[in-house]
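The values are calculated or read from the model by the stated rules, or taken from the named source; none is laboratory data. Owing to the predicted nature of the structure, the values given are computational and were not obtained by experimental measurement. Here the Cβ positions follow ideal geometry from the backbone for every residue, glycine too, while neighbour counts run over all protein chains shown. Keep in mind that these areas ignore ligands, DNA and RNA; they rest on the heavy atoms of the full protein, side chains included. Shrake-Rupley method; radii C 1.70, N 1.55, O 1.52, S 1.80 Å.
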Amino acid sequence: MARASEGGPVPPPGPDDDALDRVLLAHADVVPEWPEAGANHYPMAAEALESLGFEEAIEPAWSTSGAERYRAELPRLSPLEAEAPLASTALGARARYGDWLDWFRTRIATDGWKRVVADTVPSLAPGLVGGAFHGLIRTGHAVRAVARRETPARRGALAAGLAYWAATYAELPAGPSPAPATLGARDLAELEHPFLDSTEEVGFFDVVPRLLSRPLAPGVTPDSEVRATDRDPPEELDRIVHAASLAFLEMLALEQERIWLLHCITAPGCVDLLLPHVAEADAEELVDYTRQAVVAMYAAFGAPFTPQEHLREAPGPWSELLPTAARTGSVHTIKLAEALFRFGKGPANLERSVLAAWLDWK
């Protein structure tokens with residue numbers, strides 16, 4: 001077991017800890033990703049189940065055998081500088097994950113989780129594709145968990161999410177065309193796909209290198225003076241998720257890189273969880289980097305499609321789809337179901353069509 005950080009040791013689970021806290025405590029001092037297993041999804045899926053009201057579906061094995069899958073000595077090189085390490089060479093260094101974890105545990109213990117999120121997320125936003133989005137996603141789930149109920153386990157989960165994001169930080173190369181103010185399904189349907197004819201299997205650790213290999217999406221202009229005024233970041237994010245959902249429904253039908261493109265829904269879904277905790281200008285940039293990343297992902301892993309071609313007339317109600325998703329025990333299924341439900345509570349059947357099609361495949 002890794003040494004305790006300056007922010008205080010993570011306590012062992014106690015009899016009064018709930019199912020989510022037990023999972024979070026079990027995964028507090030394990031690596032966030034492993035060559036044979038990819039990213040560690042158990043903490044994220046457990047939080048999604050709690051948020052949906054399916055705590056009973058959190059499997060005890062996630063706290064035992066699940067944690068053992070990622071048991072390894074945390075990589076450390078040397079303690080991070082106390083002064084603004086987010087501007088240092090440690091940013092994007094997987095070998096510094098343990099150092100980042102210590103640093104964020106200390107920051108949260110000293111400054112409180114709300115200030116750390118408000119200060120840190122904007123600095124990490126340009127590199128949100130790192131770790132194939134999983135640092136961002138893990139952070140989003142942890143923020144919602146600690147906002148719902150603040151416990152040592154949930155503060156620790158937030159430190160782990162931010163550390164993972166910082167250690168895998170990666171900025172996309174920007175294309176020459178101007179960034180769109182909005183994103184629709186038609187924009188994703190008409191992208192060029194330079195890797196479409198590739199026969200190489202894309203593994204977890206190959207996702208980001210493909211995204212970084214060439215400019216696949218317009219850049220983001222961080223200067224607020226040249227960007228649109230009167231913006232509504234939550235509404236813009238809704239449009240991104242809507243476009244990504246329409247596209248993903250067709251990717252399911254085409255059997256096109258379903259696992260990787262799923263994250264174009266779950267990652268923006270976790271950005272939605274972060275927006276209330278950052279300043280308005282920072283929220284706008286966070287949405288802009290999210291839009292850029294979704295475009296890059298579809299250019300790198302998507303294919304041409306016709307929007308709404310496989311939209312279902314009667315995909316089933318949420319009251320049937322969500323319990324089915326929870327019972328699968330599939331971490332990707334659970335996270336996808338939660339994000340779709342959050343963005344699809346209206347009468348439209350898009351999000352339910354996506355989940356029904358995914359469940360049919362899985």
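What the table below lists for this structure:
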read-out: Point-to-point label distance, Arg148-Arg186, nm (Cα→Cβ direction, 7 Å offset); value: 3.9
read-out: Computed over the chain: relative contact order in percent, which uses C-alpha pairs under 8 Å that are six or more apart; value: 20
read-out: Kyte-Doolittle mean at least 0.5, axial Cα span of 27 Å or more - DSSP H helices of the chain; value: 233-254
read-out: Anisotropy class of segment 252-321 from Cα gyration tensor, a/c 1.5 cut; value: oblate
read-out: Mean Cβ neighbour count within 10 Å, used as a protection proxy, ranking 257-265, 39-47, 73-81 highest first; value: 39-47, 257-265, 73-81
read-out: Spin-label pair Glu313/Asp111, simplified geometry with 7 Å Cα→Cβ offset, distance in nm; value: 5.6
read-out: Prolate/oblate/rounded label for segment 167-206 (Cα gyration tensor, a/c 1.5); value: oblate
read-out: Segment 103-193: radius of gyration over Cα atoms, expressed as a fraction of 2.2 N^0.38 Å; value: 1.31
read-out: Segment 92-212, accessible surface, carbon-and-sulfur percent (1.4 angstrom probe); value: 50
read-out: Relative pair counts by distance (%), Cα atoms of segment 181-290, 10 Å bins; value: 12, 41, 35, 11, 1
read-out: Whole-Å distance, taken between Cα centres, linking segment 45-61 and segment 102-131; value: 25
read-out: Where only C-alpha atoms are counted, convex hull volume of segment 279-351 per residue in Å³; value: 147
read-out: Heavy atoms of Phe305 accessible to a 1.4 Å probe, total area in Å² rounded to 10; value: 20
read-out: Accessible surface of segment 224-288, 1.4 Å probe, proportion on carbon and sulfur as whole %; value: 44
read-out: Segment 136-240 shape via C-alpha gyration tensor axes, a/c threshold 1.5; value: oblate
read-out: Per residue value of the accessible surface for segment 127-202 (all protein chains in place, 1.4 Å probe), Å²; value: 40
read-out: D_trans [Stokes-Einstein, Kirkwood Rh over alpha-carbon pairs] for segment 225-357, 4 °C, 1.567 mPa s, µm² s⁻¹; value: 84
